[in-house]
1. Within the range A:30-71, how many residues turn out to be more than 12 Å from every other protein chain (Cβ to nearest Cβ), touching a residue at least 12 places away in the same chain (Cβ under 8 Å) and among the small types (G, A, S)?
2. Restricting to the range A:89-114, name every residue that is surrounded by fewer than 20 Cβ atoms within 10 Å (Cβ to Cβ) and among the hydrophobic types (A, V, I, L, M, F, W, C).
3. Among residues belonging to the range B:1-21 that are of a type outside the set (D, E) and surrounded by fewer than 16 Cβ atoms within 10 Å (Cβ to Cβ), point out the one that is farthest from the other protein chains (Cβ to nearest Cβ).
4. I'm trying to understand the selection: among the residues of the range B:151-210, which are within 26 Å of B:G126 (Cβ to Cβ), among the polar types (S, T, N, Q) and in a helix (DSSP H, G or I)?
5. Taking the range A:31-65, which residues are among the polar types (S, T, N, Q) and either within 15 Å of A:N221 (Cα to Cα) or in a loop (DSSP other than H, G, I, E, B) (or both)?
6. Considering only the range A:249-270, how many residues are farther than 22 Å from A:V192 by Cα and either part of a loop (DSSP other than H, G, I, E, B) or touching a Gly at 6+ places or on another chain (Cβ under 7 Å) (or both)?
7. Consider B:S91 against the criteria (1) closer than 20 Å to B:S196 by Cβ; (2) touching a Lys or Arg at 6+ places or on another chain (Cβ under 8 Å): it satisfies all of them except one. Which criterion is unmet?
8. Could you list, in sequence order, all residues of the range A:184-209 that are under 20 Å from A:F137 (Cβ atoms) and free of Cβ contacts under 8 Å to residues at least 60 places away in the same chain?
Amino acid sequence: MPLTRRELIGLIALTGVGALVPALGVARPKPLTKPIPSSGEALPMVGLGSWITFNVGNDPVARDSSAQVMRAFFDAGGRMIDSSPMYGSAQDVIGYCLKKTGNTANVFATDKVWIADGKDGPKQIAQSRERWGVDRFDLLQVHNLVAWEAHLNTLHAMKNEGKLLYVGITTSHGRRHEELERIMREHELDFVQLTYNVADREVEDRLLPLAHEKGIAVIANRPFRRKALIQRFEGKKLPAWADEIGATSWAQFLLKFIISHPAVTCAIPATTRVDHVRENLDSAREPLPDAKMRRRMVAYIHEV
Amino acid sequence: MFSPETYYRLFELYNADVWPTQVMALGAGLGIAALMVRGLHRRGRAVATLLAAVWLAVAWGYFFERYATISLAAPYFVWGFAAQAFLIAVSGVLLGRLTFDDAKALTGKAGIALFTFALLIQPSIGPLIGREWSGVELFGLAPDPTVLGTLGVLLAADRVRWELFIIPILWCAITGTILWVMKSPEALLMPLAGLSVLILATYRSLKLRRGLVGI
């Protein structure tokens, strides 16, 4: 009896042959994508964050190690890499890795503007672009609502001039959600980035439904609360029913929960490990949990 | 903002870059210790000169050239450490306010013990808890032992020069916070040491005000 695609993927994961797939030159199945509501462009449901992990300064060994992570990310079908001028040397290191891996043209370059005076925004953006070594950013976001009115004007002007594809805004702080909601209601946005994971679900009440209603793409940051959620479940067994959602690790369990929310476009876990970046990308594959399974996942997490 | 691996790896790269400056730094530290315990003429000024030099070295060599590659806060620390070098130079070298003629005092002995700890023992803590010896943090090159050693010198001085305590004590709180965020096992060392120095310095200051010496 011939195997179905799903059975084949399951078999590959089960036997560990998956790790050999790139070495054998066999194409890995591409991660699932979701359309960006404002354009319809398909975006892989798992991206790559760079907070802390890519801030390795001038350490040549760590830079090359980051490049390996990035190569594995692109090989596995990833596209969105997210950074910020706030992340120390991360932008420089991303630029180094993009050049070294030859992926400057493939990346969905996502960065932020983070400076108190709106007048300084364009200069900071130009500097960020230079550090990345890209012709233009795909998405620029106002970081943590800093001087957001002035920066949104700058970003919209760039978009109108064709120097930017998408405009967004971010927050990692629950206390800023009311303000973020107001901005989402009153301003034109392509993306919003916020914290969403199985333990931080406040955004399910208002912000995610609002994003869905207004056609704003959602990037979920802090999917593992840095490492805290992974560490919390370390040593604990996945539930027996985890294979029903195709999760073979806690990281995949946590990511599948996030990206299966109808309003979430993608999650951006950060990592310094090649095996983890592959594992993260593998979360964006069928099967994903449905609404009933998502409730079961939340209940299980509380139980654990 | 950065991982513990990146933070501690910075010291490994730093030590490799500046070798054999470590020998000079150790020499400066031993020189300061010797000057504090031996009754040489104008030794206060010599101690202050060496101390100002190592603060400048840390400001430039560590914060400006290395730490700035991983932290946006580095410029503040560059200025802070340079300002402390300036304060030590003015107070200790120009005005001669750092003297060490009362080494028998309790605080004098505590100060010399603290300085010796910063110079010889504190650098070995990291390697002893599993980090690389090549990343050893040394007095005169790395901020923590430099700050702790300086607090030892200030405590050993005859008079409590509060203006020279401000930046080192602030650093004890800052580095404690950084290490605590990184979950480093020795995160409490610098804040506790800073607090102990503050208590001892206050004690000495009060005793001196009452005209008591030898305490």
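The values are calculated or read from the model by the stated rules, or taken from the named source; none is laboratory data. Everything quoted here is computed from the prediction, not taken from an experiment. Neighbour counts run over all protein chains shown; Cβ positions are idealised from the backbone, glycine included.
1. Count: 5.
2. Selection gives A:A105 alone.
3. B:P20
4. Those that are within 26 Å of B:G126 (Cβ to Cβ), among the polar types (S, T, N, Q) and in a helix (DSSP H, G or I): B:T175, B:T177, B:S196.
5. A:S38, A:S39, A:S50, A:T53, A:N55, A:N58, listed by residue number.
6. Of the residues in the range A:249-270, 1 are farther than 22 Å from A:V192 by Cα and either part of a loop (DSSP other than H, G, I, E, B) or touching a Gly at 6+ places or on another chain (Cβ under 7 Å) (or both).
7. (1)
8. Matches in the range A:184-209: A:H187, A:E188, A:L189, A:V192, A:L194.
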